[in-house]
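Before any comments, here is the structure.
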Amino acid sequence: MLASAFKNQCSAAAPVEGTLRFDGGSTDAGRVQVFLHGAWGSVCTQPQEARTVAAVACRQLGFGSATGTMRMPASADGPMWLTSLQCRGNETKLTQCLGADGKCQDALGIRCLACTGDACAVYTAPVTFSGALTGAGEVVPSFYAASAAPVQIEHALRLECARRLGPRSRVSPVNCDVKRYKTGQPDRADSLRALVRSGALQWNDAGILRRPLLAALNTSSPELGLIRQLYVCPRVQIVSDIDAAVGDPRRVSALPDGSSARAIADALRRDGLAEIDDYGLNISALSTVIDEAFAQPDPEITSVASNGASAATRVHLPALAPLLTNSTIIEAVRAYLGPDAALDGYKAVRLAPSASGVQNIAGLWHNDRAGHRLKLFIRLHDVDPRPEAGWHPTLVAAGSHEVLHYSFESYEHSRMLDEFVRSEYTVASLGGPRGSGFVFDTNSLHRGVPEGLFARTVVVLEYHSAAKCPVIQTLDLPIPCPSGDQRLLSEQESQLTTAIQPTGSFYGAVSHSAAAAKTETATMVPGAGRQDQCISWTNPDSSKAVPAEIMPGHVLVQTAHAQLRLAPLSSWASVGHALSARPGCTAQWRFYSFDVMPMDGNTVWLNTTSGREGICLLDDILGRVPFTGAHAGGCLVPGVPDAVFGGFHMLLTFPTPAALDASGEPSSTSSSATSVASVAPEVARLRALVLKHVSGDDGAMLEAITQVGVPDLLESVTRAATEPVATKQGVTLIEAVLSAERFVPHSLNAAGLHLLRVLLAERMDDARRHLAANHSAEAEALRPTWERDGVLLLDFAQYTSSRGTGNEKLNEVLRMAAASSLPAHTLHFVTRAVQHVPADPQYALHMDTFHSVVKIWVYPKNMTVSEGPLHVVRGSHRCSSAKLRWLYERTRSNAADVITEPSLRFDAQSSSGAQAAAALKATGLAPATPILPLPNTEQTIVIADTSALHCRGQALPHTSRTALRPMGAENDGGVRRLNPFRSIEA
């Protein structure tokens, strides 16, 4: 299907009269042509009418708005059909506009933007000018007038446009200060000679080298103004001013050494180019949607170049979502382009199997005449980097991004000869495997290879600084900012991609306004799909204030300056708002040992300027626990640059076990207004799932353990379906049963309710795992071992990229193991140290939750038993009769430790694997055995299902071991947990 869009283009019937197109190889800009009287011809209009005419033409072509107009030579091989056009702006076709007699010297060229609705607000945000000029209409003419005037420094102008920060930055106003260079005419010849002698002023046929010049001169230097006035066209001056923040070495060096974001940003700053081994995306899902869009092109979202050389579609790509919010890419882009850099949108581009350079202007060496912006490419199939192989690799002149080009005025000013480029730069020919790609600065000299043998399809993402495009559009510069034929992000999507903010102090502003209201709910991690409402911020004036004593004699207080601090219980009212527990709830600190992600359904978290963060206590010092980034899951305290990944306490809240009566039912004060009819669909769904996935043998096994048949248990659940669950306010029993909630306390656990949830979750995972589409042949070969043991050992080098990040091969194995469509992104690994401490909770034999959870460690080859590696009861992830009998005894009575502990311990005494050996044997389960690296292997990937009984091996106190773990809290230390009762296809 690769070439289907071009086949459709070639075999299409003659166009309808009045049809428009762009002449040439572009899909969003160029000379407008209209089909009349059986032939294509140009159109023209007067300059004062051009924008209105362009708006009508862009709308007819399927775009939302016009962003620029161009005066272009009339086509040599066609007539000028419509002359001196005048449009009101509300026409649906260009032929509805009025024309006048007379001839035009130039044809109308337009640039269109495919924005609709709130996506347009990003680029129409108000831009104001201050300083030497205050009117937007004065700015461009004044820059051109300064260039045309005698070379005097006081004539030269420059812009300083404010950065736009924050989640709504892309629609906030922009202010640009227009400044003149300092007076005092330098001696032109002597100034330039001095700069040349010092090496600050260097140039080639493309332009002036930016980095040495800016290293020697500040932006207000008269010498810089002189160079601009002499050698750089006004359009380049304006764009370079807007791009002033690009490539700041301080931002790049601020990224953590060794991180993927740092490696990408370093490569961009050095070469203008960074290659990506694997994005970790579901390429098959992307290709399916894109192939369908090209197979039946919808002109509203798919543009095919008039010469058939290329096509672009802005079809929605849900499978791209993980990349849009990928923190590594966002951090690298912001380090390079500036702190307000943001993603504009994306498109899929398909090149025809073969075209000539004449047909595809992008086949010539060029820059995009847009200054510094980044384009990120994702390959949907293998691309051979050798141009002669016929797969159209992209060629980039490494290092040419630093050129301050002489001119952007027209296409010919931005096109370069191959001989010049190869004499000045090292050319990178960018090919690679399916799922890989690259990101580069389009200020670089680059070109496509239109000649070939095969169609090439890629997905392209585009990034600019947030202030750039609104300024360019306000000034009506004919510059592609942003590219018009991409799917622009909506305002809501833009906020998601800007949610990751530069690391800031935990003691800065949080989302709760100290003066907002007397009681303000603090946000918590959702439980069973709802917001837990166990805590609130209480105003000192409230008569019902009951602060939670989270340390002896102290409460947590948010001050009037939105800072968090501990305050004495006796005097908190004079400080600010106190964290309070609602009736029936308690707030307490829980100790977390090393290499454990401390976020669960009871974690208290706040929205800070750095994103979602929990509250930790390390050596009695209050700190924060980021949920994302390199420090995710670690405790950061003031004055310490690095996070501590264990050995701290985390603040949690949950309903008090006393809220349950002795049977595990909610106390008599609890009630529910939920109607039976409202839960009937969920009850029916549970019955259908059990009928489909729980076999007769399964039912017999449960009944032998509980003495209750599955049909009788389902009847009991139906009768109790609307009852509230004491540990989850506002959640009914049936909602909790079909959720991912670790344990649902209820009297029906004595009849086997918890066992039924465990068994049903396993059987549904089995059904997903057996779907061949979920995993590769290699992953399928590993499935029997996984299903038998719940543990896999793999060679790290074979399942990772050259940069040590997970590749698609590893993802396929993880999807098989997790019976999931995740992971959908590349896993990045970071070193985590485990310090052994006495009475470490991880020494206790336990299972993380009731359903399969896939976690990953990477062990070095010298790991030994004495270092306390992971111990696992192999096979205990499966629902054997022995496991279910043990599980029934632990859960039937709703014991307090089963309800409140973050995992299910083998026994109430928290016995270690060694201590529980006899009990395991008596239960009929295997002993806990250590998981050690593969022999003769540098690094071993350990994949384990932690719904199996497992524990940390014991070692001498204060000794430590290290391993690589997946970075970030969102992946749960391996593969992010999903609701096991979701649909089989999900």
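The values are calculated or read from the model by the stated rules, or taken from the named source; none is laboratory data. Source: prediction; values computed, not measured. Note that each Cβ is placed from the backbone with ideal geometry, even for glycine, and that neighbours are counted across all protein chains shown. Ligands, DNA and RNA are excluded from the accessible area calculation, which covers all protein heavy atoms including side chains. Shrake-Rupley method; radii C 1.70, N 1.55, O 1.52, S 1.80 Å.
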In segment 158-183, what count of residues is obtained for those that are farther than 15 Å from P470 by Cα, modelled with pLDDT under 90 and open to solvent by less than 50 Å² (accessible area, probe 1.4 Å)? 2
Just name the residue that is nearest to the chain's Cα centre (by Cα) out of those in segment 280-307 that are in a loop (DSSP other than H, G, I, E, B) and either surrounded by fewer than 18 Cβ atoms within 10 Å (Cβ to Cβ) or without any contact (Cβ under 8 Å) to a residue 40 or more places away in the chain (or both). I301
Among (1) surrounded by fewer than 19 Cβ atoms within 10 Å (Cβ to Cβ); (2) touching a helix residue (DSSP H, G or I) at 6+ places or on another chain (Cβ under 7 Å), where does T45 come up short? (1)
Residues of segment 420-458 being hydroxyl-bearing (S, T, Y) and either assigned to a loop (DSSP other than H, G, I, E, B) or on the phi > 0 side of the Ramachandran plot (or both), which ones? Y425, S436, T442, S444
In segment 917-952, what count of residues is obtained for those that are open to solvent by 40 Å² or more (accessible area, probe 1.4 Å), closer than 23 Å to K855 by Cα and either in contact with a helix residue (DSSP H, G or I) (Cβ under 9 Å, 6 or more places away or on another chain) or not in a loop (DSSP other than H, G, I, E, B) (or both)? 7
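Considering segment 210-222 alone, what residues qualify as being surrounded by fewer than 21 Cβ atoms within 10 Å (Cβ to Cβ) and in a helix (DSSP H, G or I)?
Taking segment 210-222 and keeping what is surrounded by fewer than 21 Cβ atoms within 10 Å (Cβ to Cβ), we get 210-212, 214-222.
Passing the criteria: R210, R211, P212, L214, A215, A216, P222.
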Conditions first: (1) open to solvent by 10 Å² or more (accessible area, probe 1.4 Å); (2) touching a strand residue (DSSP E or B) at 6+ places or on another chain (Cβ under 6 Å); (3) within 25 Å of Y279 (Cβ to Cβ). L771 passes all but one, so which condition is the exception? (2)
Within 35 Å of the chain's Cα centre (by Cα), free of Cβ contacts under 8 Å to residues at least 60 places away in the same chain and not in a strand (DSSP E or B) - does that describe any residue in segment 816-831? yes
For segment 423-452, which positions are within 30 Å of S801 (Cα to Cα), open to solvent by 30 Å² or more (accessible area, probe 1.4 Å) and among the charged types (D, E, K, R)? R434, R447
Taking segment 717-731 and the residues there that are in contact (Cβ under 8 Å) with a residue 60 or more places away in the chain and surrounded by fewer than 21 Cβ atoms within 10 Å (Cβ to Cβ), the one that is nearest to L904 (Cα to Cα) would be Q729
Residue ID - most open to solvent (accessible area, probe 1.4 Å), chosen from residues in segment 58-79 that are over 15 Å from S26 (Cα atoms) and in contact with a Gly (Cβ under 6 Å, 6 or more places away or on another chain): P79
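Those residues that are among the basic types (K, R) and open to solvent by 10 Å² or more (accessible area, probe 1.4 Å), I need them from segment 455-485; list them, please.
R456
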Pairs needed: first member in segment 880-897, free of Cβ contacts under 8 Å to residues at least 12 places away in the same chain; second member anywhere, buried (at least 18 other Cβ atoms within 10 Å of the Cβ) and not in a helix (DSSP H, G or I); C-beta distance under 7 Å; at least 6 residues apart or different chains. D897/R905
So for segment 899-916 (the condition being among the basic types (K, R) and part of a loop (DSSP other than H, G, I, E, B)), does at least one residue qualify? no
Got a sec? Which of R379, R369 is out of contact with any helix residue (DSSP H, G or I) (no Cβ under 8 Å at 6 or more places or on another chain) and outside the structural domain of M70 (by the TED database)? R379
Yes/no for S820 being modelled with pLDDT under 90, in the same structural domain as R878 (by the TED database) and open to solvent by less than 10 Å² (accessible area, probe 1.4 Å): yes
Is it the case, given these coordinates, that A659 is within 30 Å of V555 (Cβ to Cβ), touching a strand residue (DSSP E or B) at 6+ places or on another chain (Cβ under 9 Å) and at pLDDT 80 or above? no
Return the only residue of G225, G247, G199 being open to solvent by less than 20 Å² (accessible area, probe 1.4 Å) and at positive phi. G247
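If you take the residues in segment 253-276 that are crowded, with 22+ Cβ neighbours inside 10 Å and out of contact with any strand residue (DSSP E or B) (no Cβ under 7 Å at 6 or more places or on another chain), which one is farthest from N807 (Cα to Cα)?
R269
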Only one of (1) touching a strand residue (DSSP E or B) at 6+ places or on another chain (Cβ under 6 Å); (2) open to solvent by less than 40 Å² (accessible area, probe 1.4 Å); (3) at pLDDT below 90 is not met by V32, so which one is it? (3)
Would a scan of segment 299-309 turn up a residue that is among the aliphatic types (A, V, I, L, M) and in contact with a Leu (Cβ under 9 Å, 6 or more places away or on another chain)? yes
Of all residues in segment 74-92, count the ones that are more than 14 Å from A54 (Cβ to Cβ) and either in contact (Cβ under 8 Å) with a residue 40 or more places away in the chain or in contact with a Cys (Cβ under 8 Å, 6 or more places away or on another chain) (or both). 8
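Per-residue answers, yes or no, for (1) in contact with an Asp or Glu (Cβ under 8 Å, 6 or more places away or on another chain); (2) modelled with pLDDT under 90; (3) of a type in the set (G, A, S); (4) open to solvent by 10 Å² or more (accessible area, probe 1.4 Å):
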{"residue": "Q359", "(1), (2), (3), (4)": "no, yes, no, yes"}
{"residue": "K375", "(1), (2), (3), (4)": "yes, no, no, yes"}
{"residue": "I378", "(1), (2), (3), (4)": "no, no, no, no"}
{"residue": "L395", "(1), (2), (3), (4)": "no, no, no, no"}
Do you know which of the residues in segment 879-898 that are in contact with a His (Cβ under 9 Å, 6 or more places away or on another chain) and in a loop (DSSP other than H, G, I, E, B) is nearest to E762 (Cα to Cα)? R892
With within 29 Å of G868 (Cα to Cα), modelled with pLDDT under 80 and in contact with a Lys or Arg (Cβ under 8 Å, 6 or more places away or on another chain) as the only criterion, which of G601, G614 stands out? G601
Which of the following residues is open to solvent by 40 Å² or more (accessible area, probe 1.4 Å), in a helix (DSSP H, G or I) and at pLDDT below 90: E778, E735? E778
So which residues in segment 124-140 are out of contact with any strand residue (DSSP E or B) (no Cβ under 7 Å at 6 or more places or on another chain) and within 18 Å of A466 (Cβ to Cβ), if there are any at all? T124, P126
